[in-house]
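The values are calculated or read from the model by the stated rules, or taken from the named source; none is laboratory data. These numbers were taken from a predicted model, which means no experiment stands behind them. Because the Cβ atoms are built from the backbone with ideal geometry, glycine has one as well, and the counts that use them run over all protein chains shown. SASA here: full protein model, heavy atoms, side chains in, ligands and nucleic acids out. Shrake-Rupley method; radii C 1.70, N 1.55, O 1.52, S 1.80 Å.
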Amino acid sequence: MSLTHPELTAALRAAGCVFAEDEASLLLAAATGPELERLVERRIAGEPLEVVVGWAEFCGLRIGIDPGVFVPRRRTELLVREAVRLAPSAPLVVVDLCCGSGALGVALAHLLDPVSLYAADVDPAAVRCARRNVGAVAGQVFEGDLDQPLPASLRGRVDLLVANVPYVPTDAIALMPPEARLHEPTVTLDGGADGLAVLRRVAAVAPGWLAPGGHLLVETSEAQAPAAADAFTAAGLVARVARDEDTEATVVVGILSVPQGTIDG
């Protein structure tokens, strides 16, 4: 028996889905019959909707999402907007570290075409997922820890280095919603004792990859932003903080100044 939209909405609402009506529409568009019933069971069991249907909307694009891969959040679109605003004239070299599904790099490739896009992640599942998404815009994805697998030929040539690093303090992971805590890899969430362990590592290596005037952009929380900016400064970058109150998004932006100091970050 086929589920109707009202029946599906009621089932999702009873399971605690806040946007049950919208989710019902997406699930009905994704499958029918027994397959739909399996998708509904997965969603009611707590799997993220994006994983269940196989894609997430990000910057107006459909980004493929596999089970066990971090789901890009809407708030991270601030990072993309800031990167687009700061981008020099094309063609550009863009690197997406801790790339997950590759959403950041793919969005920038669409918005800043032509782009030479390189991405990297330590998690094999993320790399497999990103290779489909990033490959569709002629980018390359490497598996390894942060910048370790990147081609050495990129050193000193990167215009935009973006990273949606894990920034949840270890002790706070237990307080996260079950969708994230139970269905996304801990490595994509855990930022260490204060949430900034990975951010500091990215800031430290960024100057070796950036072109003069190139930018590093990393998402963090509002409370963490001052310490994150200090990490950028310690690495030799000129830092500032961008904030979007509507989405509660915070991005730290750093620039590798040219010797004359003529570029304003």
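Taken as a whole, the stretch 1-8 holds no residue that is open to solvent by 20 Å² or more (accessible area, probe 1.4 Å), modelled with pLDDT of 95 or more and among the hydrophobic types (A, V, I, L, M, F, W, C). The lone criterion from (1) in contact with a Leu (Cβ under 9 Å, 6 or more places away or on another chain); (2) assigned to a helix (DSSP H, G or I) left unmet by Val51 is number (1). Of the strands (runs of 3 or more DSSP E) lying entirely inside the stretch 63-153, those containing at least 2 residues that are in contact (Cβ under 8 Å) with a residue 60 or more places away in the chain and either within 15 Å of the chain's Cα centre (by Cα) or closer than 21 Å to Glu219 by Cα (or both) span 92-97. Taking the stretch 27-48 as the range and being of a type in the set (D, E, K, R) and exposed (fewer than 13 other Cβ atoms within 10 Å of the Cβ) as the test, the residues that pass are Glu35, Arg38, Glu41. The residues in the stretch 218-238 that are surrounded by fewer than 21 Cβ atoms within 10 Å (Cβ to Cβ) and among the aliphatic types (A, V, I, L, M) can be counted, and the count is 7. Of the candidates Val218, Val238, Val198, Val202, the single residue that is farther than 19 Å from Leu97 by Cβ and β-branched (Val, Ile, Thr) is Val238. The condition of being at pLDDT below 95, in contact with a Gly (Cβ under 7 Å, 6 or more places away or on another chain), open to solvent by 70 Å² or more (accessible area, probe 1.4 Å) and hydrophobic (A, V, I, L, M, F, W, C) does not hold for Leu175. Quick check on Ala24: is it open to solvent by less than 10 Å² (accessible area, probe 1.4 Å) and free of Cβ contacts under 8 Å to residues at least 60 places away in the same chain? In short, yes. When each of Gly139, Gly105 is tested for being touching a strand residue (DSSP E or B) at 6+ places or on another chain (Cβ under 7 Å), closer than 19 Å to Pro166 by Cβ and not acidic (Asp, Glu), the lone residue that passes is Gly105.
When the stretch 81-103 is limited to residues that are open to solvent by 10 Å² or more (accessible area, probe 1.4 Å) and among the aliphatic types (A, V, I, L, M), the one that is modelled with the lowest pLDDT turns out to be Ala90. Candidates Val40, Val71, Val18: the one that is of a type outside the set (Gly, Ala, Ser) and closer than 26 Å to Val202 by Cβ is Val71.
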